[in-house]
Amino acid sequence: MLQSQKNNHFNILEQQSNSVSVVVPSLYNDKERAAILKIILLKRSSIESVQIAVEHNLAAIKFDPEQLPIDELFNVLHIVLENFSEKPSKKADQEKNVPVKNEGVVQRVVFSVEGMSCPSCALYIEMTLARDKKIINASVDFKSAKGVVIGFRSFSEILGVIDEHGYKACKD
């Protein structure tokens, strides 16, 4: 059933009894915001999955309607998105886009992570690593407790970042 319901922060694209797809303009090409939204939504046990396509501003949410009625889900979305919908200042964007001279050889570092208690921990570590301009790609999987980083950082540098955030990484 297609809905045209709209608010300031998202537009309902498609709604079914246990899933909804919404357009979220503030997510456009913003992987960090998407990760934060996903973390926050998955903290609720009534939300089964969240898929986000930042290049299309889309979020698909699968939920248990008995535990979380659709109106309550929309209220949660509204509150969460209201708190981070404004884009950062142009100065912050300019600082973010300052090119970094990456020297050396691109490395692929595979590691194990100890101390993660939920999928949000993995997303947090991944997001933290991805902020580093010398890292091309970072991926951390909660179930396997493994991570892979591709970039210009050594294992010890990556280990240091992970340790700074309260987790323990070791060579895989």
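The values are calculated or read from the model by the stated rules, or taken from the named source; none is laboratory data. Note that the coordinates shown come from a computational prediction; the quantities given were computed from them, not determined experimentally. Using ideal geometry, Cβ is built from the backbone for each residue, glycine included, and neighbour counts are taken over all protein chains shown.
Quick notes on this structure:
- Residues that are hydrophobic (A, V, I, L, M, F, W, C) and within 14 Å of Glu55 (Cβ to Cβ) within the range 17-42 comprise Val23, Val24, Leu27, Ala34, listed in sequence order.
- Positions within the range 148-172 being modelled with pLDDT under 90 and assigned to a helix (DSSP H, G or I), in sequence order: Glu164
- Lys38 being assigned to a helix (DSSP H, G or I) and of a type outside the set (Gly, Ala, Ser): yes
- Remark: pairs (first residue in the range 14-42, farther than 12 Å from Val80 by Cβ; second residue charged (D, E, K, R) and surrounded by fewer than 20 Cβ atoms within 10 Å (Cβ to Cβ); Cβ separation under 6 Å; 6+ apart in sequence or on different chains) = Ser19/Lys62; Ser21/Glu14.
- Qualifying positions in the range 137-154 - closer than 17 Å to Glu32 by Cβ and surrounded by fewer than 16 Cβ atoms within 10 Å (Cβ to Cβ): Asn137, Ser139
- Selection count, the range 108-136, where residues are over 18 Å from Phe155 (Cβ atoms), surrounded by fewer than 17 Cβ atoms within 10 Å (Cβ to Cβ) and at pLDDT 85 or above: 2
- Within the range 41-57, the set of residues being in contact with a strand residue (DSSP E or B) (Cβ under 9 Å, 6 or more places away or on another chain) and either surrounded by fewer than 19 Cβ atoms within 10 Å (Cβ to Cβ) or closer than 19 Å to Cys121 by Cβ (or both) comprises Leu41, Leu42, Arg44, Ser46, Ile47, Glu48, Ser49, Val50, Gln51, Ile52, Ala53, His56.
- Criterion (modelled with pLDDT of 85 or more and part of a loop (DSSP other than H, G, I, E, B)) met by exactly one of Ser17, Ser4, Ser21: Ser17
- Sole exception among (1) surrounded by fewer than 14 Cβ atoms within 10 Å (Cβ to Cβ); (2) at pLDDT below 85; (3) touching a helix residue (DSSP H, G or I) at 6+ places or on another chain (Cβ under 9 Å) for Asp30, by number: (1)
- Among the residues making up the range 43-63, those that are under 28 Å from Ser117 (Cα atoms), without any contact (Cβ under 8 Å) to a residue 40 or more places away in the chain and either of a type outside the set (A, V, I, L, M, F, W, C) or not assigned by TED's automatic domain parsing to the domain that holds Leu81 (or both) are Arg44, Ser45, Ser46, Glu48, Ser49, Gln51.
- Residue match in the range 53-60 (condition: of a type outside the set (Phe, Trp, Tyr) and either modelled with pLDDT under 80 or closer than 20 Å to Thr128 by Cα (or both)): yes
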